[in-house]
Each structure stands twice: as structure tokens, then as C-alpha cells.
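Engineer: One structure coming up, written as C-alpha cells, with questions to follow.
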Amino acid sequence: MMQIIGLSLRVTLTAVVIACVIGLPLGAVLALARFPGRGAVVVLSNALMGLPPVVAGLVVYLMLSRSGPLGSLSLLFTPGAMIIAQTLLILPIVISLTRSVLEDLWAEYHEQLRSLGASRLRAVPTLLWDGRVSLLTGVLAGFGRASAEVGAVLVVGGNIADHTRTMTTAITLETNRGNLGLAVALGIVLLTLTLMLNAAAWGAGQWARGRLG
Amino acid sequence: MGAGTPGLKPDRMITAAEPASILPLRLEDVGYAVGGKSLLSGISLRIEAGRRLMVMGANGAGKSLFLRLCHGLIDPTQGRRIWANGETRAETQAMVFQRPVLLRRSVAGNLEYPLALKGVSRAARRNAVSDTLERFGLGHMADRPARLLSGGEQQRLALARAWLMRPQVLFLDEPSSSLDPSATRAIETMIRHFSEDGITIVMSTHDLGQARRLGEDVVFLHRGGLMEHQRAVDFFAGPRTREARAFLAGDLLW
């Protein structure tokens with residue numbers, strides 16, 4: 001059971017980190033840059049926030065399956081494939097939230113920052129840092145989405161015991177088997193983790209608001 | 001990086017008074033229009049070094065726009081803006097806005113930020129910040145989050161941050177219009193000190209008392225046009241235009 005919990009956390013946390021590394025700069029570019037087609041990209045990233053996990057899993061499955069474009073990597077049914085699928089789920093959340101937080105901040109800051117001598121590019125890290133409290137909330141929302149979903153990890157991971165079995169896929173399996181005790185226990189662990197994480201985030205937010213205004 | 005290596009930059013920062021003067025600033029038949037609507041037009045004037053210039057006019061006369069155009073936040077859609085050193089947007093200038101825009105970090109962090117933008121070394125930044133904190137009596141609040149200061153303290157911090165950049169000219173857009181009388185006093189005192197340091201002041205206000213207290217010269221705008229530009233004493237003693245007379249009289253009515 002510890003192994004299942006460990007794998008779940010490892011997969012989801014890695015996916016969150018990757019999604020942030022890609023999504024924060026992309027969201028910032030969307031917030032500050034003006035280019036043709038920007039509106040379409042904004043709508044697309046907003047829409048993808050509601051991407052059904054199973055569909056994300058299917059897309060990654062097709063990419064990674066033996067005859068797919070990335071089939072040679074032999075990633076299907078490994079934790080790596082699960083990380084890719086979950087990154088796909090979290091990325092739109094991080095991008096959209098970053099864009100919206102930074103757009104608001106930019107509206108407030110842009111004259112002052114230009115006056116102080118900051119270029120648009122140089123403003124990006126400033127805005128990301130000053131929006132850190134709001135951005136944290138979004139990153140946690142992404143974490144919540146990824147740790148709760150079962151469709152994507154099931155499709156690309158295959159729910160292989162000791163290899164790609166996570167808390168959510170294990171709950172699905174044990175429920176089907178009629179092994180309700182174990183399913184409930186795992187459910188409680190999952191809920192507790194989510195609760196703890198959100199309590200920590202809320203506390204951090206409150207602290208930061210009191211501390212930073 | 002750079003800690004303990006007092007190279008060129010610290011010196012440059014601390015004795016920054018020497019670079020070529022960017023003043024006088026000349027505007028030649030400057031206009032600004034958005035979507036075919038003219039917001040400023042036909043403005044020609046010289047802003048001289050070392051003076052305190054008050055930009056006056058009713059709401060919507062174009063005072064804020066005028067300051068932003070001089071400062072370089074917007075560019076004229078007609079005419080020319082010419083700094084004495086030939087730059088289109090001179091570096092050694094600063095602006096303080098009606099509502100101070102402070103970053104979500106400490107007081108000291110806010111002061112340090114523009115220096116970091118200029119690539120000043122960490123050690124030099126620290127020195128400059130502590131000098132500034134001391135000079136403006138902000139030392140006791142160095143570590144406090146800037147956003148949680150009172151309105152008056154925030155504006156004092158914004159002014160201190162502007163001073164720290166060693167501008168030759170400082171633009172202020174109604175810097176005390178949302179402050180109580182004592183905070184307003186504090187701001188005016190700071191502006192006076194800046195002026196004594198040789199910083200040229202260009203400031204909009206619709207507080208006539210303030211304009212009388214601080215102004216050496218007055219620019220009077222009306223509906224985006226320059227109506228008067230003269231010495232403050234002369235302006236208040238006898239405005240030349242009907243619009244300016246009405247503006248000054250309006251103050252007596254309410």
C-alpha cells in the first residue's frame with residue numbers, strides 16, 4: 001500500500017512540476033504578448049481545462065503505442081507515460097490561471113514598471129513573483145485534478161500491480177473485486193492527502209495575505 | 001555576485017549627478033490622438049532645468065496625459081518631444097503616480113527593485129537602499145510589506161523609490177490627491193527637498209493651495225490645449241486667458 005501511495009505522489013508531483021515549468025512562462029507570454037491568434041489560444045487553453053482525463057489518456061496512448069509517433073520510446077504502461085498524461089491534464093490549468101493572474105497584475109503594474117525601466121520580457125519574472133500567492137492556488141488545483149483522476153493513468157499505465165498501480169486505479173480495482181475495505185482505506189488516504197494539501201495552501205495564502213498585502 | 005567588489009557601478013550610482021543634462025525638454029507642436037479623437041493638441045513649450053512646474057487644469061483637461069507623454073509612457077501622435085541630450089526616452093527621469101504602485105514585497109524590496117533592473121550590483125543596491133531608508137525616515141519599516149502601509153506611507157515610499165533612481169526630472173501625477181492634510185504636507189516637504197537636490201519637478205495638481213505653495217512655473221491646460229505657461233506668481237495674480245480666470249474663480253465658489 002505504501003508503494004501505491006508513493007507512486008501516486010511521485011507521478012502527480014512530477015507532472016505538476018513539469019506543467020509549471022512549461023505552463024508558467026507560456027501563460028505569461030499569453031498575458032503580455034499580442035499576436036495574431038492569441039484569442040484562439042486563450043480559448044483553447046480555457047477549454048482544455050475541462051479535458052476529460054480518459055481522453056487525455058487516449059491521446060497519450062495513441063502517441064506512445066507501438067505504432068504511434070513516439071512508440072519507439074517504449075513508454076506505454078510505465079510511470080513515465082502516466083506522468084505525460086497527467087502533465088497534459090494540468091498544463092491547461094496552469095496556463096490559463098497564469099494568464100489571468102498576470103493580466104490583472106500587468107494592468108495594475110505596467111505603467112509603473114515601464115517607468116522604472118522594465119521591458120515586457122523583464123516584467124515576466126516580476127509578475128510571476130508578485131502573483132505567487134494566486135498562482136499557488138492554481139498549481140494546487142492542478143495537483144488536485146491530477147491526483148483525483150483515474151481515467152488517464154488507467155489507460156496509459158494499465159494498472160499493473162507494483163508497477164503502475166496508483167491510489168485511484170487501485171480503488172477502482174478493489175471496488176470491482178468486492179474488496180471494499182481496502183478501497184475505502186485507500187479512499188480515506190487520498191482524501192486525507194488532498195485535505196492536508198489544501199489546508200496547507202489555505203494557510204499559506206492567509207499568511208501571505210497578512211504578510212504581503 | 002559582486003559583493004565586496006566596489007567597482008564602477010556603486011560610484012556611478014552614488015554620484016549620478018554628472019551625466020549630460022536631459023533638460024530642457026522641448027515639445028514642438030505636440031498632439032496625441034486615440035482613434036481619431038484628439039486628446040492633446042498643438043502643445044509647444046520648454047521645460048527648464050531646476051524649476052518646479054505645476055500642471056493645472058480641470059478634470060479631463062489632459063494633465064495626466066501630458067505628464068505621461070513627457071515621461072515617455074506614451075508617444076506623441078504628432079509633433080516632437082526632444083530631450084536636450086537627443087534621446088527619445090531619456091533614462092534619468094522618474095514618475096510618481098496618483099495611486100502609488102508598489103510591488104508585493106517589503107519596503108526595502110521595493111526600493112531595491114529599480115536598481116536591480118539597472119543591473120546595479122547587490123552590494124551597491126544594499127547601500128543605496130539603506131541610505132534612502134535613512135534619508136526619508138523609513139528605516140523602521142524596511143522589512144514591512146509595502147502593500148500594508150498606510151496611503152501616506154505608500155506614497156512616501158513611492159517618492160523615495162523615485163529619488164533613489166537619481167532622476168534629473170521627476171513627474172508627479174496628483175501625488176497627494178487621495179491623502180489627508182498631514183500626509184500631503186509630508187509629500188510636499190519631500191518634493192521641496194527633491195527640488196533642493198536639483199531635481200526638476202513637473203507635477204499635476206488641482207489643489208490650488210498646493211500649486212501656490214510649490215509652484216515656480218505654471219502650465220494651464222484646457223481641453224487638451226496649452227492655454228498658459230508662465231511664472232506661478234504671475235499666473236495666480238492675473239491669468240491671461242478667460243479659461244484660466246474661470247478655473248481660478250471656480251475654486252472660490254466651491
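Engineer: Give me the residue from segment A:152-164 that is within 20 Å of residue A:189 (Cβ to Cβ) and not aliphatic (A, V, I, L, M) and, out of that set, most open to solvent (accessible area, probe 1.4 Å).
Structural biologist: A:162
Engineer: Can you pull out the residues in segment A:55-77 that are open to solvent by less than 30 Å² (accessible area, probe 1.4 Å) and closer than 26 Å to residue A:140 by Cα?
Structural biologist: To start, the set of residues in segment A:55-77 that are open to solvent by less than 30 Å² (accessible area, probe 1.4 Å) comprises A:56-57, A:60, A:64-65, A:68, A:71.
Once the filter is applied, which keeps residues that are open to solvent by less than 30 Å² (accessible area, probe 1.4 Å) and closer than 26 Å to residue A:140 by Cα, segment A:55-77 yields A:56, A:57, A:60.
Here's the yes/no breakdown for (1) within 8 Å of another protein chain (Cβ to nearest Cβ); (2) in a loop (DSSP other than H, G, I, E, B); (3) open to solvent by 50 Å² or more (accessible area, probe 1.4 Å); (4) farther than 30 Å from residue A:166 by Cα:
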site: A:121; (1), (2), (3), (4): no, no, yes, yes
site: A:135; (1), (2), (3), (4): no, no, no, no
site: A:141; (1), (2), (3), (4): no, no, yes, no
site: A:145; (1), (2), (3), (4): no, no, yes, no
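Engineer: Go through the residues of segment B:142-150 one by one and say whether even a single one is in a strand (DSSP E or B), within 14 Å of another protein chain (Cβ to nearest Cβ) and of a type in the set (A, V, I, L, M).
Structural biologist: Looking for residues that are in a strand (DSSP E or B), within 14 Å of another protein chain (Cβ to nearest Cβ) and of a type in the set (A, V, I, L, M), one finds none in segment B:142-150, hence no.
Engineer: If you take the residues in segment A:32-54 that are under 19 Å from residue A:15 (Cα atoms) and either touching a His at 6+ places or on another chain (Cβ under 8 Å) or touching a residue at least 60 places away in the same chain (Cβ under 8 Å) (or both), which one is surrounded by the fewest Cβ atoms within 10 Å (Cβ to Cβ)?
Structural biologist: Looking at the filtered set, the residue picked out is A:52.
The rows are residues; the columns are (1) in a strand (DSSP E or B); (2) surrounded by fewer than 16 Cβ atoms within 10 Å (Cβ to Cβ).
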{"residue": "B:42", "(1), (2)": "yes, yes"}
{"residue": "B:54", "(1), (2)": "yes, no"}
{"residue": "B:60", "(1), (2)": "no, yes"}
{"residue": "B:68", "(1), (2)": "no, no"}
{"residue": "B:79", "(1), (2)": "yes, no"}
{"residue": "B:84", "(1), (2)": "no, no"}
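Engineer: Scan (1) under 15 Å from the mean Cα position of the chain (by Cα); (2) at positive phi; (3) not β-branched (Val, Ile, Thr) for the single condition residue B:159 breaks and write down its number.
Structural biologist: Checking residue B:159 against (1) under 15 Å from the mean Cα position of the chain (by Cα); (2) at positive phi; (3) not β-branched (Val, Ile, Thr), the one that fails is (2).
Engineer: Something else about it: State all residues of segment A:10-28 that are of a type outside the set (Gly, Ala, Ser) and touching a residue at least 40 places away in the same chain (Cβ under 8 Å); if no residue qualifies, say none.
Structural biologist: Selection gives A:10, A:11, A:12, A:13, A:14, A:16, A:18, A:20, A:22, A:24, A:25, A:26.
Engineer: Determine which member of the set B:142, B:124, B:183 is aliphatic (A, V, I, L, M) and under 18 Å from residue B:98 (Cα atoms).
Structural biologist: Working: B:142 fails: under 18 Å from residue B:98 (Cα atoms); B:124 fails: under 18 Å from residue B:98 (Cα atoms).
Going through B:142, B:124, B:183 in turn, just one is aliphatic (A, V, I, L, M) and under 18 Å from residue B:98 (Cα atoms): B:183.
Engineer: Any idea how many residues of segment A:103-119 are part of a helix (DSSP H, G or I), open to solvent by less than 60 Å² (accessible area, probe 1.4 Å) and out of contact with any Ser or Thr (no Cβ under 8 Å at 6 or more places or on another chain)?
Structural biologist: First pass over segment A:103-119, keeping only residues part of a helix (DSSP H, G or I): A:103-116.
Restricting the remaining residues to those that are open to solvent by less than 60 Å² (accessible area, probe 1.4 Å) gives A:103, A:105-106, A:109, A:111-113, A:115-116.
Okay, now just the ones that are also out of contact with any Ser or Thr (no Cβ under 8 Å at 6 or more places or on another chain), so A:103, A:105-106, A:111-112, A:115-116.
The total comes to 7.
Engineer: From the list A:127, A:190, exactly one residue is within 14 Å of chain B (Cβ to nearest Cβ), in contact with a helix residue (DSSP H, G or I) (Cβ under 6 Å, 6 or more places away or on another chain) and part of a helix (DSSP H, G or I). Which is it?
Structural biologist: On the way: A:190 fails: within 14 Å of chain B (Cβ to nearest Cβ).
A:127 is the lone residue from the list that is within 14 Å of chain B (Cβ to nearest Cβ), in contact with a helix residue (DSSP H, G or I) (Cβ under 6 Å, 6 or more places away or on another chain) and part of a helix (DSSP H, G or I).
Engineer: Okay, next question. Can residue B:137 be described as part of a loop (DSSP other than H, G, I, E, B) and more than 14 Å from chain A (Cβ to nearest Cβ)?
Structural biologist: Numbers: part of a loop (DSSP other than H, G, I, E, B): yes; more than 14 Å from chain A (Cβ to nearest Cβ): yes.
It is true that residue B:137 is part of a loop (DSSP other than H, G, I, E, B) and more than 14 Å from chain A (Cβ to nearest Cβ).
Engineer: Look at segment B:151-166 and say how many of its residues are open to solvent by less than 20 Å² (accessible area, probe 1.4 Å), more than 10 Å from every other protein chain (Cβ to nearest Cβ) and under 21 Å from residue B:55 (Cα atoms).
Structural biologist: Residues flagged as open to solvent by less than 20 Å² (accessible area, probe 1.4 Å), more than 10 Å from every other protein chain (Cβ to nearest Cβ) and under 21 Å from residue B:55 (Cα atoms) within segment B:151-166 amount to 2.
Engineer: Quick check, is residue B:213 under 21 Å from residue B:50 (Cα atoms), in contact (Cβ under 8 Å) with a residue 24 or more places away in the chain and open to solvent by 60 Å² or more (accessible area, probe 1.4 Å)?
Structural biologist: Numbers: under 21 Å from residue B:50 (Cα atoms): yes; in contact (Cβ under 8 Å) with a residue 24 or more places away in the chain: yes; open to solvent by 60 Å² or more (accessible area, probe 1.4 Å): yes.
Taking the combined requirement at face value, the residue satisfies it.
Engineer: Could you look through segment B:96-126, keep only residues that are assigned to a helix (DSSP H, G or I) and not hydrophobic (A, V, I, L, M, F, W, C), and pick out the one that is nearest to the other protein chains (Cβ to nearest Cβ)? Break it down stepwise before answering.
Structural biologist: Looking only at segment B:96-126, we keep the residues that are assigned to a helix (DSSP H, G or I), and these are B:107-117, B:122-126.
From the residues that got through so far, the ones that are not hydrophobic (A, V, I, L, M, F, W, C) too are B:109-110, B:112-114, B:122, B:125-126.
On the way: B:109: 10, B:110: 10, B:112: 11, B:113: 7, B:114: 4, B:122: 16, B:125: 14, B:126: 18 Å.
The selected residue is B:114.
The values are calculated or read from the model by the stated rules, or taken from the named source; none is laboratory data. Remember, it's a predicted structure, so these values are computed and weren't measured experimentally. Reconstructed Cβ throughout: ideal geometry from the backbone, glycine too, with neighbour counts over all protein chains shown. When the accessible area is computed, the model is the full protein with side chains, heavy atoms only, and any ligands, DNA or RNA have been set aside. Shrake-Rupley method; radii C 1.70, N 1.55, O 1.52, S 1.80 Å.
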